[in-house]
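Accompanying notes for the structure given below.
The values are calculated or read from the model by the stated rules, or taken from the named source; none is laboratory data. For clarity, every value in this text was computed on a predicted model and none was experimentally measured. Cβ sites come from the backbone with ideal geometry, for glycine too, and all protein chains shown count toward neighbours.
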Amino acid sequence: MTSATIGSSSFRLCAVSLDGSFRNQTNTVQKRELAVLIYELLENSTFVPIGHSGGPYRLCLALVEGRLVLSVTTEKGAPILSHQLSLTPFHRLLKDYRFVCNSYSDASARMLPERLEAIDMGRRAIHNEASELLKERLKSKVDIDHETARRLFTLIYLLITQNTPYRAD
């Protein structure tokens, strides 16, 4: 299990953990990306479970039969919600996002800055679309701001496309 925690305040994440359904990252770059991303979520997130009076909250992510399971508890471990999120609506976005990220990496050493900027604009557009879809799919369970949705989508992307047997092809 991967886990991280940070100081407390209301309506934010204080811990993010990944259960054993995700393979451990062996690539040093992937480990660092994941650690930085979780740190950013802990440092700056808006996370408001519908109908709950305040946090901070612990988020545990699991992958069960092609669905992302989000389990939310209070800082002290009292259960708040568990939600299964179908990844089917995200398949195209995950695939497109991976393609454009790979294109950027491949092109960074040999392209003009203007071309790289165009690729990055495409990446940001896909990222924003996926973040809005994530917000929409979670809105009956948890309210998140745009930046939290972006970070959560990036976390899902890293876990699904790079660190698990499941692929968004």
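Within the set of pairs 6+ apart or on separate chains, which have a first residue in region 27-46 that is touching a residue at least 12 places away in the same chain (Cβ under 8 Å), a second that is among the acidic types (Asp, Glu) and not in a helix (DSSP H, G or I), and C-beta atoms under 8 Å apart? Note: pairs meeting the criteria are Ser45/Asp145; Thr46/Asp143; Thr46/Asp145. Give the residue that is modelled with the highest pLDDT, with candidates limited to residues of region 48-77 that are surrounded by fewer than 16 Cβ atoms within 10 Å (Cβ to Cβ) and in a strand (DSSP E or B). Filtering first and then ranking leaves Arg67. Considered as a group, the residues in region 1-39 that are at pLDDT 85 or above and part of a strand (DSSP E or B) include one that is surrounded by the most Cβ atoms within 10 Å (Cβ to Cβ), and that residue is Leu13.
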